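Remarks on the structure that follows.
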Amino acid sequence: MILRLAFLLLILAGPALAVSNPAEMLSDPAGEARAEHIGRQLRCMVCQNESVEESEADLARDFRHIIRERVKAGESDQQIMDWMVARYGDFIRLRPPFSALTLLLWAAPMLAVGIGAGAVLLGRRRRPEPPAPLSEAERQRVGKLSGS
């Protein structure tokens, strides 16, 4: 019964956030929620597959500090996002906007699949033909050489 309860609590637990130091958190719950929301939209430039809120990297910690300072200063979510993008480019967004500059970011998965499919097709085309079956005379000679 205890094991089931522990398993249920583990499943219901929210995603772990990297803000492990309470001093990093804002005293205002609404401001902290805003800061976490913004941080979940930004990519850790060190880990690259984690948000700023999930990452333990020092740079992510610095980003969280910047976000919280700007939230405290009264900036809107859009102003904070615009500042981060102006400073670090669209790559800092976990979901960059579709534009001519981010076309490669959005097209990369499709390009990878297309290149992989092309490689498979070329590999199948270039496969050598199987050798012709042995003639009766060749089978007899193999039999003599192998001693059967």
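The values are calculated or read from the model by the stated rules, or taken from the named source; none is laboratory data. What you are looking at is a predicted structure, and each value in this text was computed from that prediction instead of being measured. Positions of Cβ are backbone-derived with ideal geometry, glycine not excepted, and every protein chain shown enters the neighbour counts.
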Quick one: which residue in 123, 147 is on the phi > 0 side of the Ramachandran plot, surrounded by fewer than 10 Cβ atoms within 10 Å (Cβ to Cβ) and not assigned by TED's automatic domain parsing to the domain that holds residue 48? 147
For residue 10, are the conditions met, namely being part of a loop (DSSP other than H, G, I, E, B) and either modelled with pLDDT under 85 or in contact with a Gly (Cβ under 8 Å, 6 or more places away or on another chain) (or both)? no
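Residue-by-condition table, conditions (1) more than 15 Å from residue 35 (Cα to Cα); (2) touching a Cys at 6+ places or on another chain (Cβ under 6 Å):
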{"position": "54", "(1), (2)": "no, no"}
{"position": "60", "(1), (2)": "no, yes"}
{"position": "69", "(1), (2)": "no, no"}
{"position": "78", "(1), (2)": "no, no"}
{"position": "83", "(1), (2)": "no, no"}
{"position": "88", "(1), (2)": "yes, no"}
{"position": "97", "(1), (2)": "yes, no"}
{"position": "104", "(1), (2)": "yes, no"}
{"position": "108", "(1), (2)": "yes, no"}
Residue tally, condition outside any helix (DSSP H, G or I), aliphatic (A, V, I, L, M) and farther than 19 Å from residue 49 by Cβ, over the range 87-134: 4
Unique residue being surrounded by 12 or more Cβ atoms within 10 Å (Cβ to Cβ), charged (D, E, K, R) and at pLDDT below 80 when the list is 24, 50, 56: 24
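Determine whether residue 30 is modelled with pLDDT of 90 or more, farther than 27 Å from residue 108 by Cβ and more than 27 Å from the chain's Cα centre (by Cα).
Against the criterion (modelled with pLDDT of 90 or more, farther than 27 Å from residue 108 by Cβ and more than 27 Å from the chain's Cα centre (by Cα)), residue 30 does not qualify.
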Take residue 59 and tell me if it is touching a Pro at 6+ places or on another chain (Cβ under 7 Å), part of a helix (DSSP H, G or I) and touching a residue at least 12 places away in the same chain (Cβ under 8 Å). no
